[in-house]
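Asks: Here you go, one structure.
Values in this text are rule-based calculations from the coordinates and carry no lab data. Given the structure is predicted, the values throughout are model-derived calculations rather than measurements. Every residue, glycine among them, receives a Cβ derived from its backbone with ideal geometry; neighbour counts consider all protein chains shown.
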Amino acid sequence: MDTSSRQFGLLVAYLLPGFIALAGIARIVPAVARWLQPTVDQGSTGLGPPVYAVLAATALGMVLSCFRWILIDHLHEWTGIRRPLWDVDRLEARLDAFNALVEFHYRYYQFYANTLIAVASTYLLYRWIGTPALGLPTDIGVLVLIICLFAGSRDALKKYYGRTEQLIGHGS
């Protein structure tokens, strides 16, 4: 597994969902909104705002991941997707294959579920502050998106658990 694949996995798992949440926060925190504005004059702004935005989005992505663990991971478990029992002694010999499964399935699970939390929380924030352009069609669109993200997260997690159980599960 090369470094660029791992970086891409972390990007989709944390940074992208974090940017969604950051955009939501930007609606109520003017300093955050300035971080996300394109720089017109490169000489006067420096690297501060883009660096702040990336760091803040990454931190938010990590926080979203915690909420994902509390809400979505447990919901999937309660609805029948069980974490397999792994034989840790077999992990070392199959670590490269295990890392590939993490990048091919678990990172996408994290993206779908973290993005679900980011979209839902951002949309609730927009509705709470009374963003005027939102209404029933937008509510329906966001609900459809959340359902798709939930289904995608469920599918990716199920594949991850199934394939890691084949690789390092007890009795494999």
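Asks: Please report the spacing between the Cα centers of the range 109-155 and the range 48-101 in Å, no decimals.
Replies: The range 109-155 and the range 48-101 have Cα centres spaced 20 Å from each other.
Asks: Hey, got the dipole for the chain? About the Cα centre, +1 on K and R Cβ, -1 on D and E Cβ, debye to the nearest 20?
Replies: With Lys and Arg at +1 and Asp and Glu at -1, about 300 debye.
Asks: So, by mean Cβ neighbours within 10 angstrom, what's the order for 80-91, 64-75 with the highest one leading?
Replies: Most protected by this proxy first, the peptides run 64-75, 80-91.
Asks: Moving on to the next point. Could you rank the peptides 106-117, 20-31, 123-134 by their average count of other C-beta atoms within 10 Å per residue, with the highest value first?
Replies: Answer by packing, highest mean first, reads 106-117, 20-31, 123-134.
Asks: Say the dipole of the chain comes from +1 at the beta carbon of Lys and Arg and -1 at that of Asp and Glu; which of Leu36, Leu145, Thr131 then lies farthest toward its positive end?
Replies: Value computed over the given set: Thr131.
Asks: Sorted from largest to smallest, which semi-axis lengths in Å does the alpha carbon gyration tensor of the chain give for its equivalent ellipsoid, taking the root of 5 times each eigenvalue?
Replies: Ellipsoid half-lengths, sorted descending, are 34, 22, 11 Å.
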